[in-house]
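Quick notes on the structure that follows.
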């Protein structure tokens, strides 16, 4: 049974907007877009929009060998066969009610972070100095994760979109955390973000999420928290905010391959290789990672 609360978060889906589609074309260099069912768009063989596709649409995409990522509108934590990939959403509530949904750990560390007098800003237009500072943090974060990197132009194009905003946290004049987001009608979509490693013990990641939650509560927004892997530390962190992780389905369904590949990402050589490839073939790597949040 589909929960109407779950489905309502996809009624005004930013990932179906031409603004997002145009952004995807620019960062991949793929100009040819194929329409599908009048409201969906395919780049090459891939549906780049994460959405709640119905059974007929899923069947048609499979028959046409279109790759896709669909949100199934079921709580992944209560499913007998949960999906490996899941889609966390923090559904809108007034702040006092949202605060009550925080788990004890999240509430405690948010309180400690708030006592450190960090300042928060929201950027809504391109600023080269700020994007450069955020990109430095991004590179440090991806090296720490031993992962690929997107080029700086990706973030420059991101912040120039009408629907984009960038949450920033400062310790005096030092940027210590950032989070790129999209805002569309009644939804806030979190994308790439990170905190400075020197501030992990000062709860910078809790501070970042708390600021986004306060903003969403003030503006009556659901928060789409991006794709994640079930039982990963990052997705469990999102659960602490009161988020519900929705079950997902994909084509091709390659959970077994993904589970085997994940341990390899811990090897330094794999990280060095992926970052090298992503620098010289940035547009192809971005396309490979689609659909992304």
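The values are calculated or read from the model by the stated rules, or taken from the named source; none is laboratory data. For clarity, every value in this text was computed on a predicted model and none was experimentally measured. Glycine gets a Cβ as well: all are built from the backbone with ideal geometry, and neighbour counts include every protein chain shown.
Against the list (1) without any contact (Cβ under 8 Å) to a residue 40 or more places away in the chain; (2) surrounded by fewer than 17 Cβ atoms within 10 Å (Cβ to Cβ); (3) assigned to a strand (DSSP E or B), the condition residue 170 fails is (1). Against the test of being assigned to a helix (DSSP H, G or I), touching a helix residue (DSSP H, G or I) at 6+ places or on another chain (Cβ under 6 Å), crowded, with 18+ Cβ neighbours inside 10 Å and at negative phi, the options 148, 155, 180 yield a single qualifying residue, 155. Only residues that are under 13 Å from residue 87 (Cα atoms) and free of Cβ contacts under 8 Å to residues at least 40 places away in the same chain were counted in the stretch 199-232, giving 2.
Pick from 237, 287, 292: which is in contact with a helix residue (DSSP H, G or I) (Cβ under 9 Å, 6 or more places away or on another chain) and not in a helix (DSSP H, G or I)?
It is 292.
Could you tell me whether any residue of the stretch 245-256 is closer than 25 Å to residue 55 by Cα, modelled with pLDDT under 90 and touching a strand residue (DSSP E or B) at 6+ places or on another chain (Cβ under 9 Å)? Yes, because at least one residue in the stretch 245-256 is closer than 25 Å to residue 55 by Cα, modelled with pLDDT under 90 and touching a strand residue (DSSP E or B) at 6+ places or on another chain (Cβ under 9 Å). Note on the stretch 249-273: among residues that are in contact with a helix residue (DSSP H, G or I) (Cβ under 8 Å, 6 or more places away or on another chain) and either in the same structural domain as residue 53 (by TED's automatic domain parsing) or not in a helix (DSSP H, G or I) (or both), the one that is farthest from residue 107 (Cα to Cα) is 251.
When the test is whether a residue is over 13 Å from the mean Cα position of the chain (by Cα), under 24 Å from residue 112 (Cβ atoms) and not in a helix (DSSP H, G or I), residue 223 does not pass it. Checking each residue in the stretch 103-131 for being in contact with a strand residue (DSSP E or B) (Cβ under 6 Å, 6 or more places away or on another chain), in a loop (DSSP other than H, G, I, E, B) and farther than 14 Å from residue 209 by Cα picks out only 124.
The rows are residues; the columns are (1) at pLDDT 90 or above; (2) within 18 Å of the chain's Cα centre (by Cα).
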position	(1), (2)
23	yes, yes
31	no, no
34	no, no
55	yes, no
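Look at the stretch 24-42: where a residue is closer than 16 Å to residue 13 by Cβ and a partner is exposed (fewer than 11 other Cβ atoms within 10 Å of the Cβ), sitting 6+ places away or on another chain with Cβ atoms under 7 Å, you get 41/35.
One line per residue, one yes/no per condition, for (1) in a strand (DSSP E or B); (2) at pLDDT below 95; (3) surrounded by 14 or more Cβ atoms within 10 Å (Cβ to Cβ); (4) touching a helix residue (DSSP H, G or I) at 6+ places or on another chain (Cβ under 9 Å):
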{"residue": "62", "(1), (2), (3), (4)": "no, yes, no, no"}
{"residue": "65", "(1), (2), (3), (4)": "no, yes, no, no"}
{"residue": "69", "(1), (2), (3), (4)": "yes, yes, yes, no"}
{"residue": "74", "(1), (2), (3), (4)": "yes, yes, yes, yes"}
{"residue": "83", "(1), (2), (3), (4)": "no, yes, yes, yes"}
{"residue": "88", "(1), (2), (3), (4)": "yes, no, yes, yes"}
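Please enumerate the residues belonging to the stretch 183-201 that are out of contact with any strand residue (DSSP E or B) (no Cβ under 8 Å at 6 or more places or on another chain) and not in a strand (DSSP E or B). Break it down stepwise before answering.
Here is the first cut: in the stretch 183-201, the ones out of contact with any strand residue (DSSP E or B) (no Cβ under 8 Å at 6 or more places or on another chain) are 184-185, 197, 200-201.
Across the stretch 183-201, the qualifying residues are 185, 197, 200, 201.
Residues being touching a strand residue (DSSP E or B) at 6+ places or on another chain (Cβ under 9 Å), closer than 17 Å to residue 191 by Cβ and surrounded by 12 or more Cβ atoms within 10 Å (Cβ to Cβ) are entirely absent from the stretch 258-278.
For the stretch 90-112, the count of residues that are closer than 30 Å to residue 28 by Cβ, under 18 Å from the mean Cα position of the chain (by Cα) and not assigned by TED's automatic domain parsing to the domain that holds residue 19 is at least one.
Mind listing just one residue for me: the one in the stretch 27-39 that is buried (at least 17 other Cβ atoms within 10 Å of the Cβ) and touching a helix residue (DSSP H, G or I) at 6+ places or on another chain (Cβ under 7 Å) and, of those, farthest from residue 86 (Cα to Cα)? Going through the qualifying residues, I end up with 30.
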